[in-house]
Amino acid sequence: MPFVELDTSLPAGRLPPGLALELCNAAAAILGKPAERVNVTVRSGLPMVLAGSAEPCAQLLVSSIGVVGSAEQNREHSARFFDFLTAQLGLGAERIVIRFFPLEPWQIGKNRTVMTFL
């Protein structure tokens, strides 16, 4: 059950229509998970500073069970997420940062229990 959160200083009007759904589908393909299990949040127009600059930027947070736990996995994921984000947001790669967080099944609640028991 991946969680993908995109924060950007770009105003909502500069984001492509349907970005959240496109990001969901891209994340599903990149992480090898069904789109029905991917959770996406897009927040725009945020006051942000990246690398000491307030120029337009974006930060992506990707958390999931079992697919973001190693440098090798994340190197491949990073390249694919960067390709998607630079194309969709019109930002250079130097204005985007990605954080990966591995999750354990007991850290995600669903249907009144945790994923460990589902």
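The values are calculated or read from the model by the stated rules, or taken from the named source; none is laboratory data. Every value quoted in this text rests on a predicted model; they were computed, and no experiment measured them. Note that we place each Cβ from the backbone using ideal geometry, even for glycine, and neighbour counts take in every protein chain shown. Note: accessible area is taken over every heavy atom of the protein model, side chains too, but ligands, DNA and RNA are not part of it. Shrake-Rupley method; radii C 1.70, N 1.55, O 1.52, S 1.80 Å.
Below, the figures for the structure above:
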quantity	calculated
Sole residue being farther than 16 Å from Asp7 by Cβ and touching a strand residue (DSSP E or B) at 6+ places or on another chain (Cβ under 7 Å), chosen from Val38, Val42	Val38
Unique match (being under 16 Å from the mean Cα position of the chain (by Cα) and open to solvent by less than 60 Å² (accessible area, probe 1.4 Å)) among Pro56, Pro2	Pro2
Scope the stretch 97-109; condition in contact (Cβ under 8 Å) with a residue 40 or more places away in the chain and either in contact with a Ser or Thr (Cβ under 7 Å, 6 or more places away or on another chain) or open to solvent by 30 Å² or more (accessible area, probe 1.4 Å) (or both); matching residues	Val97, Arg99, Phe101, Leu103, Pro105
Hits in the stretch 1-39 (condition: basic (Lys, Arg), farther than 17 Å from Cys57 by Cα and assigned to a helix (DSSP H, G or I))	Arg37
Total residues in the stretch 81-106, condition of a type in the set (A, V, I, L, M) and outside any helix (DSSP H, G or I)	5
Top-ranked residue of the stretch 61-91 - restricted to ones that are of a type in the set (Val, Ile, Thr) and within 26 Å of Met115 (Cα to Cα), ranked as surrounded by the most Cβ atoms within 10 Å (Cβ to Cβ)	Val62
Residue list for the stretch 5-36, restricted to those being open to solvent by 60 Å² or more (accessible area, probe 1.4 Å) and of a type in the set (Asp, Glu)	Glu22, Glu36
Every pair of residues 6+ apart whose Cβ atoms lie under 6 Å, when the first sits in the stretch 43-68 and is at pLDDT 95 or above while the second is of a type in the set (S, T, N, Q) and part of a strand (DSSP E or B)	Ser44/Thr8; Ala58/Thr8
